[in-house]
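Engineer: Take a look at this one; I'll ask things after.
The values are calculated or read from the model by the stated rules, or taken from the named source; none is laboratory data. Source: prediction; values computed, not measured. Glycine also receives a Cβ, built like all others from the backbone with ideal geometry; neighbour counts cover every protein chain displayed. Ligands, DNA and RNA are excluded from the accessible area calculation, which covers all protein heavy atoms including side chains. Shrake-Rupley method; radii C 1.70, N 1.55, O 1.52, S 1.80 Å.
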Amino acid sequence: MLLIIRLKSLFSFLDIIAFARSRDEPLLSTSWIIQTHKSKTELGTKATEVTVEGKTYSTDEWMNTPSTILTAISRRLHLQQDHPLAITRKLIESRFPGYNTHNDLFPVVTVEQNFDSLGFPADHIGRSRTDTYYLNQDTVLRTHTSAHQADTFRANESAGYLISADVYRRDAVDRSHYPVFHQMEGARIWDRGALDAGKSLAQTVWEDVANIPKHDIEVEDPNPTTHAERNPLQDGHSAEDVEAMAAHLKRSLEDVVVAIFSTARSASAATTGGDTAAAPADEPLKVRWVEAYFPFTSPSWELEVFWQGDWLEVLGCGIVRQSILNNAGVSNKVGWAFGLGLERIAMLLYSIPDIRLFWSTDSRFLSQFSAAGPLQRFVPFSKYPACFKDVSFWLHSSSAITGAGGRGRNAQATSHDFHENDIMEIARDVCGDLVEDVRLVDEFVHPKTGRRSFCYRTNYRSLERTLTNDETNELHERFRQQLVEKLGVELR
Ligand code: PHE
């Protein structure tokens, strides 16, 4: 049954979700088609639209954003005073004195802002509907804070800025992925037209480098700053300017990492018997720079930190593509940008074991964090039992598999195309935060028919209570039925 209701505010939106749930209708089937309807006299023809925090967007066949995702928009976890994401944000902001901060930019952006303005090629996998939440062909939930780069450069308010925000991506279901997460983007630019008399850009930048606090951690940085094939200097940029800006970028971000990881190390376990297994190891802090690629920076790098025995990627960064600055009307400027995931950093700062916890409203979680006083590691309140269930199915024989290769923005997908993220989305929509992990455990091609079969294992586990057998059975049954209804698979 179609739910055709005019959405006036988020409240009515929430009511609709409650309504769908209370009617025991599968949320997914309604959430993808929640639509509003202007009367014929108003428009002459039926229009479908969705209202997000008072702003109305018309939807089309690109719409793939479930209501469960839209409701997350109002949470603004990174702005909640004592929330671990807000505390993490402030810790990082404190390392960038004088930078402007933008922490409440609206999450609905244009495809132009999120991709085109940043030089994403037309067939970039990030644009596909399997990876990105669309409201319509031209409108998405931002997939990264870089969506605001061009506008922030155009506004030209300060030499440095930081943007923290919720970002949205269709992705795996496991303890470190959630379809809504938070990023911080930072940038620092210099104005070639406003240099002190007699001073070059490189000299000016090196003087700024000298003002960044020094550290004594070990840094591996084996590659040259630029490399003709792997990490090229941009046309119109001089090697010495980029050398200086790269040094400013790297020292600034090393300073952030030192601040975060020394805080994490000194974080005391709360008195009620801390989880010492998660305690930071004692080896000296080590970081390394690795070459990277982003469509909107060149050269580009990732910063990795050696943490508890593994190299952990913490951020991406690089020298801003000059075309972005030029198109933003500030062609005199040059500079760097970085982006990092706040959850990942907060998880290691506090030893938080599951990304779903950030969304918890359980006081046993929230009461453990305070913006005042020294940082204390999170103490899991309890681990409730896991419940594993498998589902096996045959794909429709005409299905194309659009996994990591993904389908492009313009590719025609049939209703039977299969992408793993669709399975993930169905699991999330049916189970909400009661699903911890969904993974492929078996794949099989029938030797005669060539049909493909998959087996996915779902781990049902609440962070807050023990699930009953009836509950997990019912969740699993709904998950199975939705796979059939949404993906046209045949259960085995
Ligand atoms: N937006 C990039 C991401 O989400 C991170 C990034 C930001 C990289 C700015 C370079 C410069 O992965």
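Engineer: With the condition kept exactly as written, say whether any residue in region 197-213 is crowded, with 22+ Cβ neighbours inside 10 Å and within 30 Å of Asp433 (Cα to Cα).
Structural biologist: No, because not a single residue in region 197-213 is crowded, with 22+ Cβ neighbours inside 10 Å and within 30 Å of Asp433 (Cα to Cα).
Engineer: Yes or no: Val219 aliphatic (A, V, I, L, M), farther than 22 Å from Val330 by Cβ, within 12 Å of the ligand (Cβ to nearest atom) and outside any helix (DSSP H, G or I)?
Structural biologist: It is false that Val219 is aliphatic (A, V, I, L, M), farther than 22 Å from Val330 by Cβ, within 12 Å of the ligand (Cβ to nearest atom) and outside any helix (DSSP H, G or I).
Engineer: Considering Arg154, Arg142, which residue is among the basic types (Lys, Arg), modelled with pLDDT of 95 or more and within 12 Å of the chain's Cα centre (by Cα)?
Structural biologist: That would be Arg142, the only listed residue that is among the basic types (Lys, Arg), modelled with pLDDT of 95 or more and within 12 Å of the chain's Cα centre (by Cα).
Engineer: When the residues of region 444-470 are narrowed to those that are more than 30 Å from the chain's Cα centre (by Cα) and not in a loop (DSSP other than H, G, I, E, B), which ends up surrounded by the most Cβ atoms within 10 Å (Cβ to Cβ)?
Structural biologist: Arg452
Engineer: Moving on. Just need a number here: residues in region 471-492 that are among the hydrophobic types (A, V, I, L, M, F, W, C) and surrounded by fewer than 17 Cβ atoms within 10 Å (Cβ to Cβ).
Structural biologist: Residues in region 471-492 being among the hydrophobic types (A, V, I, L, M, F, W, C) and surrounded by fewer than 17 Cβ atoms within 10 Å (Cβ to Cβ): 2 in total.
Engineer: Enumerate the strands (runs of 3 or more DSSP E) found wholly within region 287-363, keeping only those where 1 or more residues are surrounded by fewer than 18 Cβ atoms within 10 Å (Cβ to Cβ) and free of Cβ contacts under 8 Å to residues at least 12 places away in the same chain.
Structural biologist: Here the list reads 310-320.
Engineer: Quickly run through region 429-486 and pick out the residues that are of a type in the set (D, E, K, R) and in contact with a strand residue (DSSP E or B) (Cβ under 6 Å, 6 or more places away or on another chain).
Structural biologist: Listed by number, the residues that qualify are Glu436, Asp437, Arg439, Asp442, Glu443, Arg451, Arg452, Arg457, Arg461, Arg480.
Engineer: Oh, and also: Tell me, yes or no, whether region 193-203 has at least one residue that is within 12 Å of the ligand (Cβ to nearest atom) and either among the polar types (S, T, N, Q) or in a strand (DSSP E or B) (or both).
Structural biologist: no
Engineer: OK, next. Only residues that are in contact (Cβ under 8 Å) with a residue 24 or more places away in the chain and in a loop (DSSP other than H, G, I, E, B): list them for region 364-389, please.
Structural biologist: Result: Gln368, Phe369, Ser370, Ala371, Pro374, Leu375, Phe378, Val379, Pro380, Tyr384, Pro385, Ala386.
Engineer: Give the residues of region 63-120 that are among the aromatic types (Phe, Trp, Tyr) and farther than 16 Å from His148 by Cβ, sorted by residue number.
Structural biologist: Residue satisfying the conditions is Phe96 alone.
Engineer: On the basis of being open to solvent by less than 70 Å² (accessible area, probe 1.4 Å) and away from the ligand (no atom under 16 Å from the Cβ), does His248 make the cut?
Structural biologist: no
Engineer: Read through the list (1) at pLDDT below 95; (2) more than 24 Å from Arg478 (Cα to Cα); (3) not hydrophobic (A, V, I, L, M, F, W, C), then give the number of the only condition that His396 fails.
Structural biologist: That leaves (2) as the condition not met.
Engineer: Let me ask another. Hey, Leu340 hits all of (1) under 16 Å from the mean Cα position of the chain (by Cα); (2) within 13 Å of the ligand (Cβ to nearest atom); (3) farther than 23 Å from Glu112 by Cα; (4) aliphatic (A, V, I, L, M) but one; which does it fall short on?
Structural biologist: (3)
Engineer: Pick out the one residue from Ser397, Ser392 that is open to solvent by 30 Å² or more (accessible area, probe 1.4 Å), more than 16 Å from the ligand (Cβ to nearest atom), in a strand (DSSP E or B) and polar (S, T, N, Q).
Structural biologist: The match here is Ser392.
Engineer: Given the condition open to solvent by 30 Å² or more (accessible area, probe 1.4 Å) and in contact with an Asp or Glu (Cβ under 7 Å, 6 or more places away or on another chain), answer yes or no: does some residue in region 145-160 qualify?
Structural biologist: Scanning region 145-160, I find no residue that is open to solvent by 30 Å² or more (accessible area, probe 1.4 Å) and in contact with an Asp or Glu (Cβ under 7 Å, 6 or more places away or on another chain), so the answer is no.
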